[in-house]
Structures are given as C-alpha cells and as structure tokens.
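In what follows, a single structure is set out as structure tokens and then discussed.
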Amino acid sequence: MVLATATPAQARDIASVLTACADGQLHAGKVGAALGGDDKVRGFASYTHSTACGDEITYFEGSGASWTSASTGLHGEVVDVAADSTGVYLLHITHQAGGARELRVLRRSFGGTITLHQPLTRLDPGAGLDGRGSIVAHGGGYHAVWP
C-alpha cells in the first residue's frame, strides 16, 4: 500500500517519526494512512523482525514538519486505513495465542480513544490472507471487503 496522499517529503517525515521500532523492517505493504478533513495524515504501521516492538502496530499522525506516533498495544498486520469525521479506521489482522488470527476493524477517535474494535472473521491457522482488503468510512460507519 502506498501513501497516496503523501508527497515524497511527507513520506520521509512519516518514516522519521516511526523510529521506536527502527531495528525492524518497515514495508510499504505494512503502512496505511488517510488524509482527514483537517489536512492531517493519520495512519498505522507495523514492522517485521523488530526486537524492540515485535509485530506491534504503531499509530502516527501529522502534517508538514509536525509528526507524532503512539503505541497501540495491538499486534498484527496493517491491511488498510480510512478516515471520516469521527476518527481513523484500521482494518488489520491480529495475531493471538496458539496461532489464531482474526481480521478486525478498529476506530480511533481524533482524541486517541479506541471506540470500536470489532472482529470481522476468524482466520484458521495456516489459512492464507495475504494482506489484501479495503475499508471505507463515512459518518461513523464503515464498509470493509477482503478476499
């Protein structure tokens, strides 16, 4: 997934704020972001092979030269991100004990509160879900699709 709303300079700024897990690898397919009505970019990223963060998902937001990031406490993979007037939505795969995985959707309010964290489907261990999927949001609701 590409940060379609980011200029090359913004993409460098986003990468520079995601330094807590910099001992791992950040792949474009593990980052999703959306541009809000307030011209702020908000999104989520997950690293692979990070000893500092494991597979934790990190939230980031910013505009211009002002960027911040925060731990989410979630573990898994970013699939897609959307935003509306109520917050930013994350479509992601969670990793749970025993190898279980779920495709879930989360809404984070602009104030930082998780107001929705809902499972969409359980994934059997070893079942393929290659990170494809999309989410759109409008007026506090969302629609998600996946293979």
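Here are some notes:
- Filter pass, Thr68 being modelled with pLDDT under 80, surrounded by fewer than 19 Cβ atoms within 10 Å (Cβ to Cβ) and under 16 Å from the mean Cα position of the chain (by Cα): no
- The residue that is surrounded by the most Cβ atoms within 10 Å (Cβ to Cβ), among those in segment 45-62 that are assigned to a strand (DSSP E or B) and at pLDDT below 85, is Ser46.
- Meets criteria (over 20 Å from Lys30 (Cβ atoms), without any contact (Cβ under 8 Å) to a residue 40 or more places away in the chain and in a strand (DSSP E or B)) for His143: yes
Results for (1) at pLDDT below 95; (2) crowded, with 20+ Cβ neighbours inside 10 Å; (3) part of a strand (DSSP E or B); (4) not acidic (Asp, Glu), shown as yes or no for each residue.
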residue: Val79; (1), (2), (3), (4): yes, yes, yes, yes
residue: Tyr89; (1), (2), (3), (4): no, yes, yes, yes
residue: His92; (1), (2), (3), (4): yes, yes, yes, yes
residue: Gly98; (1), (2), (3), (4): yes, no, no, yes
residue: Glu102; (1), (2), (3), (4): yes, no, yes, no
residue: Phe110; (1), (2), (3), (4): yes, no, no, yes
residue: Leu116; (1), (2), (3), (4): yes, no, yes, yes
residue: Leu120; (1), (2), (3), (4): yes, no, yes, yes
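The values are calculated or read from the model by the stated rules, or taken from the named source; none is laboratory data. As the structure is a prediction and not an experimental result, all values here were calculated from the model. Glycine also receives a Cβ, built like all others from the backbone with ideal geometry; neighbour counts cover every protein chain displayed.
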